[in-house]
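Down below is the structure, laid out as structure tokens.
The values are calculated or read from the model by the stated rules, or taken from the named source; none is laboratory data. Since we're looking at a predicted model, the values are computed, not measured. Counting neighbours? That spans all protein chains shown, and the Cβs are built from the backbone with ideal geometry, glycine included.
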Amino acid sequence: NAGVTQTPKFQVLKTGQSMTLQCAQDMNHNSMYWYRQDPGMGLRLIYYSASEGTTDKGEVPNGYNVSRLNKREFSLRLESAAPSQTSVYFCASSYRQSTGANYGYTFGSGTRLTVV
Amino acid sequence: GESVGLHLPTLSVQEGDNSIINCAYSNSASDYFIWYKQESGKGPQFIIDIRSNMDKRQGQRVTVLLNKTVKHLSLQIAATQPGDSAVYFCAENIEGYSGAGSYQLTFGKGTKLSVIP
């Protein structure tokens, strides 16, 4: 029962560096999400993928790109990291019916990113 | 919205007592609600959910109550244990087949529950 797996767990970047956060789920969920969690701001949606082959912006997409590689994997890329992107990043997934009902929202354990 | 962490509301309860954590949600159109538990250094863990066609749902040691009239959600934990110590979040969602908003969970501020042994 792996659920949602995120790598790496910790990362320190210098301003301007790039990196990709990886996320994979083994629950056959069709929808996947990237959130960031900051003190004072709670959890905010960066991007989501309603189904394999589609991605859309969430509340705070600037400075990020995503790729839904297949049904299992959804990656988040920082092309040029900035200190404002220091945060804890969570990947999540859910099974979404054609009615729009969501089931089984599951979060990964997070990636703690520091940009210096 | 409220701050998570720095100004987090805190609830302290004695081990064995019942806990009630409250949440005021923001959107009257929301029709799906989830309670999450987040332990230090971990991701949010699903506890229980409820849809707007219900006003109460029970799980193992937990009960969620929904009052749509006043947009209020509560989580009741029976016989609170030290392992229940964590931050608890409510999240709301507008379900429906169309609309980008229906994919976004909006999270509440969180309440820190501390269990006194």
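Give me the pairs, please: first residue somewhere in segment A:74-101 and acidic (D, E), second residue anywhere and part of a strand (DSSP E or B) and modelled with pLDDT under 95, beta-carbon distance under 9 Å, and either six or more positions apart or on two chains.
Between residues of segment A:74-101 that are acidic (D, E) and residues that are part of a strand (DSSP E or B) and modelled with pLDDT under 95, there is no close pair.
Got a number for residues in segment A:30-51 being closer than 20 Å to B:F89 by Cβ, in contact (Cβ under 8 Å) with a residue 24 or more places away in the chain and touching a Lys or Arg at 6+ places or on another chain (Cβ under 9 Å)?
Keep residues of segment A:30-51 that are closer than 20 Å to B:F89 by Cβ, which gives A:31-46, A:48.
In the following step, the residues that additionally are in contact (Cβ under 8 Å) with a residue 24 or more places away in the chain were identified as A:31-38, A:43, A:46.
Subsequent filtering for residues that are touching a Lys or Arg at 6+ places or on another chain (Cβ under 9 Å) retains A:31-32, A:35-38, A:43, A:46.
Of the residues in segment A:30-51, 8 are closer than 20 Å to B:F89 by Cβ, in contact (Cβ under 8 Å) with a residue 24 or more places away in the chain and touching a Lys or Arg at 6+ places or on another chain (Cβ under 9 Å).
Restricting attention to segment A:42-93, which residues are among the aromatic types (F, W, Y) and more than 14 Å from chain B (Cβ to nearest Cβ)?
Across segment A:42-93, the qualifying residue is only A:Y64.
Among strands (runs of 3 or more DSSP E) lying entirely in segment B:41-117, which contain 2 or more residues that are small (G, A, S) and surrounded by fewer than 19 Cβ atoms within 10 Å (Cβ to Cβ)?
Result: empty, no element qualifies.
Counting residues that are farther than 14 Å from A:F74 by Cα, which strands (runs of 3 or more DSSP E) fully inside segment A:6-54 reach at least 2? Step through it out loud before you land on a result.
Details: elements: A:10-13, A:19-25, A:31-38, A:42-49.
Passing ranges, in order: A:10-13, A:31-38, A:42-49.
Considering each residue of segment A:76-103, count those that are surrounded by fewer than 17 Cβ atoms within 10 Å (Cβ to Cβ) and of a type in the set (G, A, S), and give that number.
Looking only at that region, the number is 4.
For A:K9, are the conditions met, namely being under 22 Å from A:S94 (Cβ atoms), at the interface with another protein chain (Cβ under 10 Å from one of its Cβ atoms) and not acidic (D, E)? Can you show your working first?
Details: under 22 Å from A:S94 (Cβ atoms): no; at the interface with another protein chain (Cβ under 10 Å from one of its Cβ atoms): yes; not acidic (D, E): yes.
Spelling it out, it is not the case that A:K9 is under 22 Å from A:S94 (Cβ atoms), at the interface with another protein chain (Cβ under 10 Å from one of its Cβ atoms) and not acidic (D, E).
Go through segment A:96-116 and give me each residue that's polar (S, T, N, Q) and in a loop (DSSP other than H, G, I, E, B). So that I can check it myself, show each step before the final result.
Quick first cut of segment A:96-116, residues polar (S, T, N, Q) only: A:97-99, A:102, A:106, A:109, A:111, A:114.
A:Q97, A:S98, A:T99, A:S109 - these are the residues of segment A:96-116 that are polar (S, T, N, Q) and in a loop (DSSP other than H, G, I, E, B).
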